[in-house]
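The values are calculated or read from the model by the stated rules, or taken from the named source; none is laboratory data. As the structure is a prediction and not an experimental result, all values here were calculated from the model. Here the Cβ positions follow ideal geometry from the backbone for every residue, glycine too, while neighbour counts run over all protein chains shown. Heavy atoms of the whole protein, side chains included, go into the accessibility calculation; ligands, DNA and RNA do not. Shrake-Rupley method; radii C 1.70, N 1.55, O 1.52, S 1.80 Å.
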Amino acid sequence: MMFLKGKFQLQQLPAHYLQAAINGVIPQENGILQSDYGGETIQGPAFDPTSHPASAPAPSSSSAFRPVMPSRQIVERQPRMLDFRVEYRDRNVDVVLEDSCTVGEIKQILENELQIPVSKMLLKGWKTGDVEDSTVLKSLHLPKNNSLYVLTPDLPPPSSSSHAGALQESLNQNFMLIITHREVQREYNLNFSGSSTIQEVKRNVYDLTSIPVRHQLWEGWPASATDDSMCLAESGLSYPCHRLTVGRRSSPAQTREQSEEQSTDVHMVSDSDGDDFEDASEFGVDDGEVFGMASSALRKSPMMPENAENEGDALLQFTAEFSSRYGDCHPVFFIGSLEAAFQEAFYVKARDRKLLAIYLHHDESVLTNVFCSQMLCAESIVSYLSQNFITWAWDLTKDANRARFLTMCNRHFGSVVAQTIRTQKTDQFPLFLIIMGKRSSNEVLNVIQGNTTVDELMMRLMAAMEIFTAQQQEDIKDEDEREARENVKREQDEAYRLSLEADRAKREAHEREMAEQFRLEQIRKEQEEEREAIRLSLEQALPPEPKEENAEPVSKLRIRTPSGEFLERRFLASNKLQIVFDFVASKGFPWDEFKLLSTFPRRDVTQLDPNKSLLEVKLFPQETLFLEAKE
């Protein structure tokens, strides 16, 4: 039986479908049933379709074949239902069937729903690849929920109006492009609208990687993306994410340069005219550097964008550009604002504090390339900075960025330090500022200019570290003493709090005890009042005591209480036993709490029928009884 969500459609399976389903569920060879448990084989009778007449009702899929298993309990297989969501263009069809059905039966259902002939239909999305129509679903080992799609290559596409609607929808969608920069193995996640062009993507990648558009070598664009003016919605990109790879295209001049001497290259370029330098990268020279000589006029991408709103974004570009120029072995630059760098370096526990090193870059200085490549990127300097410093960087090449840093410097270090940096000449850059945090201010320990050596730079860093270590030891001592005082105060406060809680707990316990006693006393009083009311009502309801000389027979009873006192009273022999119980209860001994016993013979009078007379229960003419509390 097959089900279609939203519509219940019952079809009678053909006989060959049922036989194929049975053979798919329980594979057979020469009467040997292959077991799914531990590779065992079980001998059973072979299935013969001719042994079942056509008029006999077809068995259900869960019990279509039941081989007799010697010395083993017969296990019936319950049918397993599978859910399929089938997508065709702008439609989704949900199909539910048993795993004993075949792929062709799914197509029959889709033929009714989509009005597509089975012969024109390609059902795709199977995890095992393409399958035949006669394949039984159980043999594919499918999960409970499955997603498939239908292709109709022989049918014409939908009308142009629906295609235009789909294109308009794609133009309004956002595509996530995951772009890998091959040379530096860095990944960028960029969002573009469907209306953006391929050219816009390449220009954005140029801003990130400094690879000009004409030198970009791409992998991953669809075959239909043949024109850079094409929008992303028409290019055939996978939605919502698509992966691309970009690298720098190798020019013939770069290949020749690897086999020639460096000096020969310099002479060759020096003889070229000015037009050749406009596209120096054609000769294997990076933008921004002509055969090892710094030239900011040729750099396509600055170290830091001008007028950046977010300092963290500016430092991200600074780090990426620094890596592309000088390699990946460089100090780890802190990504964030200068205030965040202060928090990271100074406003932590004394043992975790570090010095703050501020690197001030300037592309116009002739010392910049040498300082960055030979000193700042030296492994010893990189290792020492990473262990003992928080390194923050800024680019002063642009006037706007220079003014912005001077404002920050004046706010954090004072006007003297800001004026010192303002008066530095271009050829004195780059600068390295060593900052130490103090209780009330931040102190500039050293200003290191670019005209230095690796050894001198290391010595000045170590000298600053010695000053910082001495100050740090004092801060650690003060912090430990302060924490000790605070711990003592916390312990005292905690002891005081616990004392208050103990007193409050005692007071609350006493109040609860008093309230409980009061409640019990009230209950006791109410019970006593209730018992007294019952006693009085019973006493008033008692018949009058007969006289000794009476025309009727009189029984005289003497009752001993638990305290040793005796209760004496005369009753008519015809009185019921209940009157005796009421008399005893009126004296404060209710019969549900006390039992009335006779001596000879010993018996429990309260167990007798209270409606019988004293004469009938043999309490005549006189009897001595005693009261005993029930357990």
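Key figures for this structure:
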| quantity | calculated |
| --- | --- |
| Number of positions in the stretch 121-145 that are in a helix (DSSP H, G or I) and touching a residue at least 40 places away in the same chain (Cβ under 8 Å) | 3 |
| Which numbered condition S250 fails, given (1) under 21 Å from V184 (Cβ atoms); (2) modelled with pLDDT of 50 or more; (3) open to solvent by less than 60 Å² (accessible area, probe 1.4 Å) | (3) |
| Residue in the stretch 489-497 that is among the polar types (S, T, N, Q) and closer than 30 Å to R351 by Cβ present | yes |
| Strands (runs of 3 or more DSSP E) completely within the stretch 527-631 that count 1 or more residues being surrounded by fewer than 13 Cβ atoms within 10 Å (Cβ to Cβ) | 566-572, 622-629 |
| Breaking point among (1) loosely packed, with under 11 Cβ neighbours inside 10 Å; (2) at pLDDT 85 or above, for L177 | (1) |
| Selection within the stretch 100-137 - of a type in the set (D, E, K, R) and open to solvent by 10 Å² or more (accessible area, probe 1.4 Å) | K107, E111, E113, K120, K124, K127, D130, E132, D133 |
| Qualifying positions in the stretch 306-342 - of a type in the set (D, E, K, R) and not in a loop (DSSP other than H, G, I, E, B) | E311, D313, E321, R325, E339 |
| Any hit, the stretch 327-334, residues being touching a Cys at 6+ places or on another chain (Cβ under 7 Å), assigned by the TED database to the domain that holds L457 and open to solvent by 40 Å² or more (accessible area, probe 1.4 Å) | yes |
| Failed item, numbered, when E344 is tested on (1) open to solvent by 10 Å² or more (accessible area, probe 1.4 Å); (2) modelled with pLDDT of 90 or more; (3) not hydrophobic (A, V, I, L, M, F, W, C) | (2) |
| Answer from L433, L457 - the residue that is closer than 15 Å to Q374 by Cα, crowded, with 17+ Cβ neighbours inside 10 Å, in contact (Cβ under 8 Å) with a residue 40 or more places away in the chain and within 48 Å of the chain's Cα centre (by Cα) | L457 |
| Positions within the stretch 441-454 being open to solvent by less than 40 Å² (accessible area, probe 1.4 Å), under 48 Å from the mean Cα position of the chain (by Cα) and polar (S, T, N, Q), in sequence order | N442, N446 |
| Positions within the stretch 358-374 being under 16 Å from G327 (Cα atoms) and of a type in the set (V, I, T), in sequence order | T368, V370 |
| Among (1) modelled with pLDDT under 85; (2) open to solvent by 50 Å² or more (accessible area, probe 1.4 Å) - the single one G284 does not satisfy | (2) |
| Any chance L445 is modelled with pLDDT of 85 or more and within 15 Å of F346 (Cα to Cα) | yes |
| Matching residues, the stretch 177-224, being out of contact with any Lys or Arg (no Cβ under 8 Å at 6 or more places or on another chain), among the hydroxyl-bearing types (S, T, Y) and in a loop (DSSP other than H, G, I, E, B) | S195, S196, S224 |
| Qualifying residue in the stretch 483-505 (condition: open to solvent by 90 Å² or more (accessible area, probe 1.4 Å), over 30 Å from K630 (Cβ atoms) and hydroxyl-bearing (S, T, Y)) | yes |
| Selection within the stretch 581-631 - of a type in the set (K, R) and over 25 Å from S537 (Cβ atoms) | R602, R603, K618 |
| Within the stretch 230-247, tally of residues that are part of a strand (DSSP E or B) and either among the hydrophobic types (A, V, I, L, M, F, W, C) or at pLDDT below 85 (or both) | 4 |
| Cβ-Cβ under 8 Å pairs, at least 6 apart or on other chains, the stretch 101-120 side more than 13 Å from D133 (Cβ to Cβ), far side hydroxyl-bearing (S, T, Y) and surrounded by fewer than 16 Cβ atoms within 10 Å (Cβ to Cβ) | I116/T152; K120/T152 |
